[in-house]
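Take a look at the structure below.
What follows is calculated from the coordinates using simple rules that are stated; it is not laboratory data. All figures in this text were calculated on a predicted structure; none of them were measured in a lab. Methodologically, a virtual Cβ is constructed for each residue, glycine included, from the backbone with ideal geometry; neighbour enumeration extends over all protein chains shown.
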Amino acid sequence: MKKLKTNREKNKDTSQTTAARIIEEIAKSERIINAIADGITIIDSTFKVIFENQAHKDMMGDHVGEYCYKAYQRKEGICGGCPVALTFKDGKVHTVQRAVQTDKETRYFDIISSPLKDSTGKIIATIEVLRDSTERHQMEAMLRFNEERYRSTVDFLDDAIHVVDANFRILLINKKLLEWHKRFGLEIDVIGKNVFEVYHFLPNKVQAEYESVFQTGTPIKTEESLLIDEDKIITETKKIPIFEDGKVTKVITIIHDITERKHFEEALRESEKRFKDIFDNASDGILLADPETKRFYLGNKTICQKLGYSEEEIKNLGIQDIHREEDLPYVMEQFKKQTRREIELAMDIPMQRKDRSVFYADVNSFPLIIDGKQYIIGIFRDITERKKAEESLKEKDRELEIKAKNLEEANIALKVLLRRTDEDRAELEEKVLLNVRDLVIPYLEKLKISSMDEIQRTFVNILESNLIQIISPFSHRMSSKFLNFTPTEIQVADLLRKNKTSKEIGELLNASPRSITFHRENIRKKLGLKNKKANLKSYLLSLK
């Protein structure tokens, strides 16, 4: 009894039959198929290669009779996303790109799978067209690389850049321009949008400029002052054509922000004007000289007036024209030292006027670069009046010297007189001392032994004590300490030194104890003893 055939065997038989029929049909047009440059394979439903044209064999090798996934991808099963499998599934044409490792190298292919149907519409195989896209892939990779490099270069530039096509659509903006968008609050996603809608603040003439570049292919350079949300910026813009096949297809716009430069130029103009005003109205004379030719480049009004020349005449003169011949060696030596920066100030330089009269000046100099050329600027200060003042001062010095000598002689005489006065004072003090001791003290001693009451005896003792103080060296020290004391305070201080109590002092001075306490506090304060624990009587006794 015959065994029933399995489905696999049936499919195999069907495939073989189909393959034989397909090959038979291909044989009829093989010459035409082999003439096609693209590789062509026919793959049956079991994914076995049943035909390869010559181009396919040249590209991939002869693999007829092998499974396609083993032959071309070296795999053990159907490839993921296989266009043949998709075509068998839905009957549609499918295209994929594959990197295929051949015997020599890795190549890239576009693979197009189309269904091959019988007369009943049943898919019996697939025709796979293999188109070598290696060169195109390499070109695309190179293009991507160049675009990335171009983008990196454009983004690195400090100028804002955008590219527009012939319809004024924005194709590209660089990083700097994107920063401007964020800074001024402009929309960020602008690719594909009309440049005049994005930059609505552009003047009307800008569109005409773009049209001119597209039509003539001639670059245009302009300067614009733009107001963007109350921010005023000044730009220098270059519109440069990009040609393709001899026709302008794009325009690259390079925008350079020159706001700061314009402000600087304006400030420079103002500075130059101020400098000219200062230059012309300076009280000192100013000359600009060429250090090589020693000719004058420019002179201010003051130097022209002092020398007696007009401003135009000054420009035709040199250093040798404003100094006497005998002074030139010294003047030239000073000029060379200033040029070498050895000195800055040349003093007492004799200057010769147009009328041959002479005045003197101190000349300060320093280098100055104008339009790339170095000059020496000299500032001339007329010292004629100063020299007159110096001469007058010298004359006064001579007079003072004579007066000083006379004063010195008078001083010597005064010293002699003072020395004589000191001698007379010492002699007088000696006489007073002797008179008190010889003529007063003896009588006080007699009073002390006479009959007196206690109060009278106290007054005599005080009188004796005071007389002794007057003639003693202590009196000088006490007087300096008690200069700011009232008479009563002096009396109280003196009685305290004599060991008198406040009650006894009050009885002697006919004052209440409270008044004496008040005077004692004032004495402490004036002697700097307030809030201190020092004993007042002890302190007064220490002054001996």
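So which lysines pass the test for residue 193, namely a Cα distance under 22 Å, with those fewer than 8 places away in the same chain ruled out?
Filter leaves 175, 176, 182, 205, 238, 239, 250.
Could you please rank 295, 131, placing first whichever residue has the fewest other Cβ atoms within 10 Å of its Cβ? Walk me through the intermediate numbers first.
Working: 295 14, 131 17.
Ascending number of Cβ neighbours within 10 Å: 295, 131.
Among the chymotrypsin sites (Phe, Trp or Tyr not before Pro) in the stretch 375-459, which ones are in a DSSP loop with at most 11 other Cβ atoms within 10 Å of the Cβ? Mind listing them? Write down the numbers at each step before the final one.
Working: sites: 375, 380, 443, 459; in loops: none.
Loop-located and lightly packed - none at all.
If you stretched the chain out fully between residue 215 and residue 424, how much longer would it get, using 0.36 nm times the residue separation minus the C-alpha to C-alpha distance? Don't skip to the end; give the middle numbers.
Working: separation 209, 0.36 × 209 = 75.24 nm, distance 12.28 nm.
Extra length available between residue 215 and residue 424 comes to 63.0 nm.
Taking the number of other C-beta atoms within 10 Å as the exposure measure, put 523, 252 in order starting with the fewest. Mind showing how you got there, number by number?
Values: 523 21, 252 18.
Fewest-to-most Cβ neighbours within 10 Å comes out as 252, 523.
Relative contact order (percent) for the stretch 446-541, with alpha-carbon contacts under 8 angstrom and 6 or more residues of separation?
Details: 44 pairs, mean separation 23.3, N = 96.
Relative contact order, the stretch 446-541: 24 percent.
Among [x] 47, 27, 20; [y] 124, 53, 23; [z] 71, 24, 19, which one is semi-axes √(5λ) of the Cα gyration tensor in Å computed from these coordinates?
Given [x] 47, 27, 20; [y] 124, 53, 23; [z] 71, 24, 19, the calculated one carries the label [y].
Can you tell which of 42, 78, 248 lies farthest toward the positive end of the dipole of the chain, using +1 and -1 charges on the Cβ of basic and acidic side chains (Lys, Arg; Asp, Glu)?
78
Taking K and R as +1 and D and E as -1, what net charge do the other residues with C-beta under 13 Å from the C-beta of residue 297 add up to? Don't skip to the end; give the middle numbers.
Working: positive: 294, 295, 315, 373; negative: 290, 292, 311, 312, 371.
Residues near residue 297 contribute -1 overall.
Quick one: if the Förster radius is 25 Å, what FRET efficiency do residue 464 and residue 525 give, using the C-beta to C-beta distance and rounding to 0.05?
Working: r = 30 Å, r/R0 = 1.22.
Computed FRET efficiency for residue 464 and residue 525: 0.25.
Tell me, in nm to one decimal, what length is gained between residue 73 and residue 312 on full extension, where the rule is 0.36 nm per residue of separation less the Cα-Cα distance? Don't skip to the answer; put the middle values down first.
Values: separation 239, 0.36 × 239 = 86.04 nm, distance 9.38 nm.
Length gained, residue 73 through residue 312: 76.7 nm.
So for the pair residue 280, residue 292, with labels modelled 7 Å out along Cα→Cβ, what separation do we get in nm?
3.1 nm
Calculate, for residue 394 and residue 366, the FRET efficiency according to 1/(1 + (r/R0)^6) with r their C-beta to C-beta distance and R0 22 Å; round to the nearest 0.05. Present the calculation step by step, with values, prior to reporting the outcome.
Details: r = 32 Å, r/R0 = 1.46.
It comes to 0.10.
Between residue 265 and residue 336, how high is the FRET efficiency from 1/(1 + (r/R0)^6) when r is the Cβ-Cβ distance and R₀ = 30 Å? Nearest 0.05.
Numbers: r = 37 Å, r/R0 = 1.23.
For R0 = 30 Å, the calculated efficiency reads 0.20.
Just to compare against my own numbers: the Cα pair-distance distribution for the stretch 446-541, 5 Å bins, whole % per bin, please.
Reading the bins upward from 0: 2, 12, 22, 23, 20, 12, 6, 2, 1, 0.
Only Cα pairs under 8 Å and at least 6 apart count here; give the relative contact order of the chain as a rounded whole percent. Don't jump to the answer; show the numbers that get you there.
Values: 670 pairs, mean separation 27.7, N = 544.
In percent, rounded to a whole number, it is 5.
Beta carbons within 10 angstrom, averaged per residue: use that to sort the peptides 489-495, 221-227, highest first.
Values: 489-495: 20.0, 221-227: 12.6.
Taking the mean over residues of other Cβ atoms within 10 Å, the ranking is 489-495, 221-227.
What does the charge add up to near residue 171, with Lys and Arg as +1, Asp and Glu as -1, over the other residues with Cβ less than 11 Å from its Cβ?
Details: positive: 169, 193, 250; negative: 165.
Cβ neighbours under 11 Å give a net charge of +2.
Can you give me the angle between helix 205-216 and the longest principal axis of the chain, using Cα atoms only, in degrees from 0 to 90, rounded to the nearest 10?
Helix 205-216 sits at roughly 40 degrees to that axis.
Taking the Cα centre of the chain as origin and charging only Cβ (+1 Lys, Arg; -1 Asp, Glu), how large is the dipole, in debye to the nearest 20?
Values: 93 positive and 92 negative charges, 657 e Å.
With Lys and Arg at +1 and Asp and Glu at -1, about 3160 debye.
List the relative contact order of the stretch 182-314 as a percent without decimals, with contacts defined as Cα pairs under 8 Å and 6+ residues apart. Kindly include the intermediate steps, with their values, before the conclusion.
Working: 156 pairs, mean separation 16.6, N = 133.
This gives 12 percent for the stretch 182-314.
How far, in nm, would the chain grow between residue 416 and residue 227 when pulled straight, counting 0.36 nm per residue and subtracting the alpha carbon separation? Show your work: numbers first, answer last.
On the way: separation 189, 0.36 × 189 = 68.04 nm, distance 9.35 nm.
Roughly 58.7 nm would be gained on extension.
For the Cα atoms of the chain, what angle does the longest principal axis make with the long axis of helix 487-497, in degrees from 0 to 90, nearest 10?
Orientation of helix 487-497: about 90 degrees from the principal axis.
Does anyone have the angle between helix 175-184 and the longest principal axis of the chain? Alpha-carbon axes, 0 to 90°, nearest 10?
Taking the Cα atoms of the chain, the angle to 175-184 is about 60 degrees.
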